[in-house]
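One structure is given below, encoded as structure tokens.
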Amino acid sequence: MIRSAIKGLMANRLRMALTALSIVLGVAFVAGSFVFTDTINARFETLFTDVFAGVDATVRPDTDATGDPSLDESVLAEVTAVEGVEAAAGAVGGFAQLIDTEGEPIGGQGPPTLGFSWTDVPALNSLTISEGNGHPPAAHDEVVIDVATAEAHGYQLGDPIDIQTIGGLDTFTVVGLANFGPEDNLAGATLAVFDLTRAQELFDLEGELSQIDVLAADQADRDALIAAISEVVPSDAEVVTGEQQTQEQLDDVTEGLGFLTTALLAFAGVAVFVGAFVIQNTFRITVAQRVRELALLRAIGATGSQVLRLVLVEAAIVSVLASVVGVFAGIGIAELIKTVMDAAGLGIPDGPLTVEVRTVVVSMMVGIGVTLFAAILPARRASSIAPVAAMSETSARATPKSLRTRTIVGAAMTGLGAAAMTIGLLLENGAGLSMVAGGAVGVFLGLSTLAPLLAGPAARLLAAPIPGVTGKLAKENTIRQPRRTASTASALMIGVALVAFTSIFAASIKSSISDTLEDSFPADLALQSTNFAVGVSPIAVDGLRARDEFSVVSAIRTAPVEVDGNEVTVAGVDSETVDRVYDLGASVEVSKISGDLLVHESLMEPHGWSVGDMVTIDYGGAGSDETEIAGTFTDSTFAQYVLSDDVFVANVGDDRIAIAFARLADGVTIEEGLAAASDALTEFPAVDVNTRADQIAEAEAQVDQLVTLFTGLLSLALVIALLGIANTLALSVVERTREIGLLRAVGMLRRQVRQMVRWEALITAVFGALLGVAIGIAIGFGVVSSLADEGLGSFALPGAQLILWLIVAAIAGLVASIGPARKAARLNVLAAISYE
């Protein structure tokens with residue numbers, strides 16, 4: 001059986017190579033996702049293990065208990081005096097953004113901008129300065145920066161550098177270039193290191209410490225030491241080990257990269273799903289072409305189950321070989337992702353790629369499992385071929401089956417999928433996303449099952465403009481095999497549907513942003529930090545308020561809290577001025593909310609709340625408070641809960657300004673306002689000042705970046721679908737060898753044969769693309785409509801983009817037909833029309 005399967009595969013090497021390529025691409029993304037994630041975890045684990053290797057214990061504030069991120073400096077002496085402590089060093093840390101020689105902020109929109117104090121105890125210092133790279137900071141105006149940032153921006157020892165902290169802009173002299181452990185920096189983060197006293201001033205921590213690192217004396221029992229230290233530190237402090245800190249850092253890295261890993265696996269799933277259509281179509285066509293061969297096997301004694309196993313063995317051989325190649329290709333993809341991230345400034349520690357056994361096993365199982373599953377139906381059909389089919393050419397022809405069963409099954413799958421999507425879109429818990437995804441798969445499968453019913457009418461419509469006999473023949477060939485046409489088009493349908501949905505969703509987001517800002521933004525200017533993790537300094541906002549060019553400047557702060565046990569984001573607004581710069585759509589006057597709470601209207605019914613009800617707000621270390629719901633609001637751009645600024649600052653702090661809005665005084669032009677803001681913010685180059693149009697353009701640019709990324713990844717599915725078109729056409733040419741030979745014999749030119757095959761590819765590609773666009777529009781409309789309460793209320797149809805995708809699909813279909821068309825045109829006429 002295996003020998004027969006191998007001979008069958010060798011006789012159709014090109015056919016199976018194209019099929020294998022679709023498996024390779026899907027498996028490569030699965031393997032690449034795992035390899036990349038495992039490599040990141042392994043490299044950072046090594047890095048953080050090295051960094052915390054000398055730290056036996058760390059004393060730090062228990063922010064869950066107090067919310068205060070600092071310790072009194074006197075705790076250092078208490079810890080140092082504990083028996084068994086060899087050395088202890090206090091440190092502080094905070095926001096410090098480097099400014100390049102052009103006055104532009106370095107980093108901040110990805111990796112963090114870290115500032116902290118230098119530690120004099122080498123065993124407790126995560127930084128090292130190599131020989132020739134300077135010395136630690138000692139003076140008030142000295143700083144050490146990381147090697148990677150210095151090399152990237154041309155800084156050398158002795159150069160001046162501007163650094164912005166929460167208090168403003170200061171100029172320092174670069175006296176050292178440091179490595180973080182064995183690396184040039186920490187995952188792309190910029191590092192600025194100061195003398196301890198200067199760092200305390202910069203981070204507003206005079207007389208305080210962020211943490212205390214402890215080195216145990218030789219032979220000291222670490223557990224006993226930690227217990228002893230815990231006895232002398234305040235009750236609102238905690239003592240953790242280096243291993244605990246390593247694990248915390250790794251958890252942060254894993255969480256930060258979680259979205260990327262999930263996205264890669266999702267796109268891998270799409271690629272595998274599309275590949276299944278190509279595999280199933282290939283084996284179905286080849287079984288149809290080998291009716292006589294398989295019937296002869298039956299005639300000489302092979303049972304139906306043996307024929308079924310023969311086809312499945314062929315599929316298994318192809319899948320194993322392709323999956324092995326896919327695993328190696330996945331390793332290359334992981335290295336490519338790392339290279340792209342390095343180029344984007346998200347530095348990954350150096351080291352070898354990590355290939356776990358789990359990666360190989362899962363990737364192989366995916367490739368083999370999907371291939372065998374896709375080959376089951378063609379194999380069953382092969383097993384049902386009767387021995388009599390070997391007796392004549394006529395007997396070997398497959399008899400078309402009724403589409404009645406397919407219609408019933410397809411309609412049921414489509415209906416169930418649509419129902420699941422609808423329910424998922426209405427759910428407000430974590431199960432909603434999985435139901436939507438499962439429902440979308442059901443819709444895709446259902447419509448692909450129903451597609452043969454549409455293939456004939458669609459082919460007639462699409463072929464109508466095609467002139468001449470070649471167009472007519474292409475139409476008839478497409479209609480003659482509706483299942484084949486539909487299956488080939490369905491693979492393309494999935495890719496185009498997802499790309500269309502992405503375009504529609506992005507267009508709707510941009511439209512919603514534009515509508516929201518146009519309706520809710522009566523202010524003239526908005527202030528935002530280029531470093532989203534830090535926000536706008538209160539000092540910068542106060543500087544703007546001091547200018548006569550502005551009649552009002554109002555800040556909006558945000559922070560995480562818990563409301564009735566649920567972790568949420570709350571916004572703090574200046575209740576006296578916010579209505580003059582931003583319209584929250586509140587049901588009551590914001591100036592009257594005092595110490596009460598506003599809740600987004602979409603949350604009231606699900607939680608069973610009414611205006612006047614009391615809820616518990618837990619501010620973390622600052623404690624909790626019973627707060628009354630004073631009213632509702634409609635604009636959830638910043639948060640779904642709103643407090644007055646005085647309550648927010650009292651419980652959370654005043655350094656969490658997400659954005660500030662300003663209105664110009666009477667008679668002041670926009671240009672004058674921008675100039676005044678620029679002058680007031682000289683000390684804060686990381687703060688951007690934008691008009692309403694600037695805000696809209698910036699938000700749309702961010703959406704476009706994500707769309708470009710998603711579209712690029714989804715293009716893999718389109719590539720696999722086009723391989724399916726090329727594969728189907730190539731197999732169709734083999735199947736119609738005699739037919740094409742007869743056409744040539746009666747006068748058809750080679751040029752006309754090529755045209756006929758190309759028209760077939762064009763009809764199939766456009767048919768699949770039209771189905772995909774229609775499904776993308778339907779899914780997009782449902783998702784956008786369901787998210788209206790989340791601020792996504794404007795459904796937008798990017799007509800130009802959708803038409804562009806139809807054109808791209810048509811061109812790609814023509815490109816896929818080049819090889820099969822040339823092969824058809826070069827058939828030997830006499831050999832093609834001869835009988836055995």
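The values are calculated or read from the model by the stated rules, or taken from the named source; none is laboratory data. All values reported here derive from a predicted model rather than from experimental measurement. We place every Cβ from the backbone using ideal geometry, glycine too, and count neighbours over all the protein chains shown. The area values use the complete protein model at the heavy-atom level, side chains included, leaving out ligands, DNA and RNA. Shrake-Rupley method; radii C 1.70, N 1.55, O 1.52, S 1.80 Å.
Once you put a point 7 Å from the Cα of Leu296 and another 7 Å from the Cα of Ser230, both along the Cβ direction, what distance in nm separates them?
About 8.1 nm, to one decimal.
Does segment 591-727 come out rounded, prolate or oblate, given a ≥ b ≥ c as the square roots of the eigenvalues of its C-alpha gyration tensor, rounded meaning a/c under 1.5 and, failing that, prolate meaning a/b above b/c? Working shown, then result.
On the way: a/c = 2.55, a/b = 1.30, b/c = 1.96.
The shape class here is oblate.
Of the chymotrypsin sites (Phe, Trp or Tyr not before Pro) in segment 503-583, which ones lie in a loop per DSSP and count no more than 13 other C-beta atoms within 10 Å? Show your work: numbers first, answer last.
Values: sites: Phe505, Phe532, Phe550, Tyr582; in loops: Phe532, Tyr582.
Passing sites in segment 503-583 are Phe532.
Can you compute the equivalent ellipsoid semi-axes for segment 482-566, i.e. the square root of 5 times each eigenvalue of the Cα gyration tensor, sorted largest first and rounded to whole Å?
47, 18, 12
If each residue of separation counts as 0.36 nm, what is the full-extension length gain between Gln219 and Glu567 once their alpha-carbon separation is subtracted?
On the way: separation 348, 0.36 × 348 = 125.28 nm, distance 4.45 nm.
The Gln219-Glu567 span can extend by a further 120.8 nm.
Report, in degrees rounded to the nearest 10, the 0 to 90 angle that the Cα long axis of helix 431-463 makes with the longest principal axis of the chain.
Long axis of 431-463 versus the principal axis of the chain: about 40 degrees.
Quick check: at a probe of 1.4 Å, how many percent of the accessible area of the chain sits on carbon and sulfur atoms?
Numbers: 21270 of 36980 Å².
After summing per-atom areas, the C and S share lands at 58 percent.
How large is ³J(HN,Hα), in whole Hz, for each residue of segment 586-597 in order, when computed from phi with the Karplus curve 6.51 cos²θ - 1.76 cosθ + 1.60 and θ = phi - 60°, using x for Gly and Pro?
Going residue by residue, I get 6, 7, 10, 5, 4, 5, 9, 6, 6, x, 8, 10 Hz, with x marking Gly and Pro.
Between Ser678 and Val469, what FRET efficiency comes out of the Förster formula 1/(1 + (r/R0)^6) with R0 = 56 Å and r the beta carbon distance, rounded to 0.05? List each step's numbers first, then the result.
Details: r = 71 Å, r/R0 = 1.26.
Here the calculated transfer efficiency is 0.20.
Looking at the square roots a ≥ b ≥ c of the eigenvalues of the Cα gyration tensor of segment 53-203, which shape do they give, rounded for a/c under 1.5, prolate if a/b is larger than b/c, or oblate? Display every interim value, and only then the final one.
Working: a/c = 1.89, a/b = 1.51, b/c = 1.26.
Taking the square roots of the gyration eigenvalues as a ≥ b ≥ c, segment 53-203 is prolate.
Can you classify segment 525-682 as rounded, prolate or oblate using the Cα gyration tensor, where a ≥ b ≥ c are the square roots of its eigenvalues, rounded means a/c under 1.5, and otherwise it's prolate if a/b beats b/c and oblate if not? Show your work: numbers first, answer last.
Details: a/c = 2.50, a/b = 1.79, b/c = 1.40.
Prolate, since a/c reaches 1.5 and a/b exceeds b/c.
For every other residue with a beta carbon closer than 12 angstrom to the beta carbon of Glu549, add +1 if it is Lys or Arg and -1 if Asp or Glu, then tell me the sum.
Details: positive: Arg545, Arg547, Arg663; negative: Asp524, Asp548, Asp666, Glu671, Glu672, Asp679.
Neighbourhood net charge equals -3.
Just to confirm a number: summing +1 for Lys and Arg and -1 for Asp and Glu over residues other than Ala676 whose beta-carbon lies under 9 angstrom from that of Ala676, what do you get? Walk me through the intermediate numbers first.
Numbers: positive: Arg547; negative: Asp548, Glu549, Glu672, Asp679.
Summing Lys/Arg as +1 and Asp/Glu as -1 gives -3.
Under a 1.4 Å probe, what is the accessible area of segment 656-806 per residue, stated in Å²? List each step's numbers first, then the result.
Values: 6510 Å² over 151 residues.
Solvent-accessible surface per residue comes out at 43 Å².
Based on the Cβ-Cβ distance of Asp100 and Glu248, what FRET efficiency does E = 1/(1 + (r/R0)^6) give at R0 = 35 Å, to the nearest 0.05? Spell out each step's value before the answer.
Working: r = 32 Å, r/R0 = 0.90.
Efficiency, rounded to the nearest 0.05: 0.65.
Among Pro112, Ala81, Ala139, which residue has its Cα positioned farthest towards the positive end of the charge dipole of segment 78-157, with +1 placed on the Cβ of Lys and Arg, -1 on the Cβ of Asp and Glu, and the dipole taken about the Cα centre?
The residue sitting farthest along the positive end of the dipole is Pro112.
List the GluC sites (Glu not before Pro) within segment 169-273 that DSSP assigns to loop and that have no more than 16 neighbouring Cβ atoms inside 10 Å. Please report the intermediate quantities before stating the final value.
Values: sites: Glu183, Glu201, Glu206, Glu208, Glu231, Glu238, Glu243, Glu248, Glu255; in loops: Glu206.
Loop-located and lightly packed - Glu206.
Which one of Val240, Ile494, Leu71 is farthest out on the positive end of the charge dipole of the chain, using unit charges on Cβ (Lys, Arg +1; Asp, Glu -1) and the Cα centre as origin?
Ile494
Put +1 on the Cβ of every Lys and Arg and -1 on every Asp and Glu Cβ in the chain; which of Ala774, Ala217, Ala555 then has its Cα farthest towards the positive end of the dipole?
Farthest towards the positive end: Ala774.
Please list, short to long, the whole-number percent of alpha-carbon pairs of segment 295-340 in consecutive 10 angstrom bins beginning at zero.
Bins of 10 Å from zero give 24, 26, 20, 15, 10, 4 percent of pairs.
Of the peptides 145-156, 475-486, how do they stack up when ordered by the mean number of other Cβ atoms within 10 Å, highest first? Intermediate results must be reported in sequence, preceding the final value.
Numbers: 145-156: 19.1, 475-486: 20.7.
Final packing ranking: 475-486, 145-156.
Using a 7 Å offset from the Cα along the Cα-to-Cβ direction at both Ala697 and Ser384, what is the distance between the two label points in nm, to one decimal?
Those two pseudo-labels are separated by 6.3 nm.
Per the Debye formula with a single identical scatterer at each Cα and no solvent contribution, what log10 I(q)/I(0) holds for segment 441-510 at q = 0.11, 0.19, 0.29 Å⁻¹?
-0.36, -0.80, -1.16
With +1 assigned to the C-beta of every Lys and Arg and -1 to the C-beta of every Asp and Glu, and no other charges, what is the dipole magnitude of the chain about the Cα centre in debye, to the nearest 20?
Values: 46 positive and 96 negative charges, 2573 e Å.
Approximately 12360 debye in magnitude.
Number of Lys-Lys pairs in the chain under 25 Å by Cα, sequence gap 8 or more or different chains? Let's see the in-between values first.
Working: Lys7/Lys823; Lys401/Lys472; Lys401/Lys475; Lys472/Lys823; Lys475/Lys823.
Counting lysine pairs in the chain gives 5.
What is the mean projected area of the alpha carbon convex hull for segment 562-607, to one decimal in square nanometres? If you can, show how the numbers build up before the last one.
On the way: hull surface 14.9 nm².
Value for segment 562-607: 3.7 nm².
Using only protein heavy atoms and a 1.4 Å probe, report how much of Asp688 is accessible, in Å² to the nearest 10.
Rounded to the nearest 10, the figure is 60 Å².
What's the ranking of 163-170, 586-593 by average number of surrounding C-beta atoms within 10 Å, highest first? List each step's numbers first, then the result.
Details: 163-170: 20.2, 586-593: 16.5.
Sorting 163-170, 586-593 by mean packing, highest first, produces 163-170, 586-593.
Would you mind working out the accessible area per residue for segment 520-592, using a 1.4 Å probe, and quoting it in Å²? Display every interim value, and only then the final one.
Values: 2900 Å² over 73 residues.
Dividing the accessible area of segment 520-592 by its residue count gives 40 Å².
How many angstrom separate the Cα center of segment 112-136 from the Cα center of segment 155-181?
Rounded to whole Å, the Cα centres lie 13 Å apart.
Report the Rg/Rh value for the chain, based on alpha-carbon coordinates and the Kirkwood definition of Rh. Please list the in-between numbers first.
Details: Rg = 33.3 Å, Rh = 31.4 Å.
Answer for the chain: 1.06.
Starting from the exponent 0.38 and prefactor 2.2 Å, build the expected Rg for segment 187-284 from its residue count and divide its actual Cα Rg by it. Walk me through the numbers on the way to the answer.
Working: Rg = 24.8 Å, N = 98, 2.2 N^0.38 = 12.6 Å.
Ratio of Rg to 2.2 N^0.38 Å for segment 187-284: 1.97.
What is the sum of charges, Lys and Arg at +1 and Asp and Glu at -1, for the other residues whose Cβ falls under 10 Å from the Cβ of Ala216? Can you show the working numbers first?
On the way: positive: Arg222; negative: Asp56, Glu86, Asp218, Asp221.
My count for the surroundings of Ala216 gives -3.
I need the peptides 456-463, 642-649 ranked by packing, meaning the mean over residues of other C-beta atoms within 10 angstrom, with the highest value on top. Working shown, then result.
Values: 456-463: 18.1, 642-649: 21.9.
With the highest mean Cβ count within 10 Å placed first, the list reads 642-649, 456-463.
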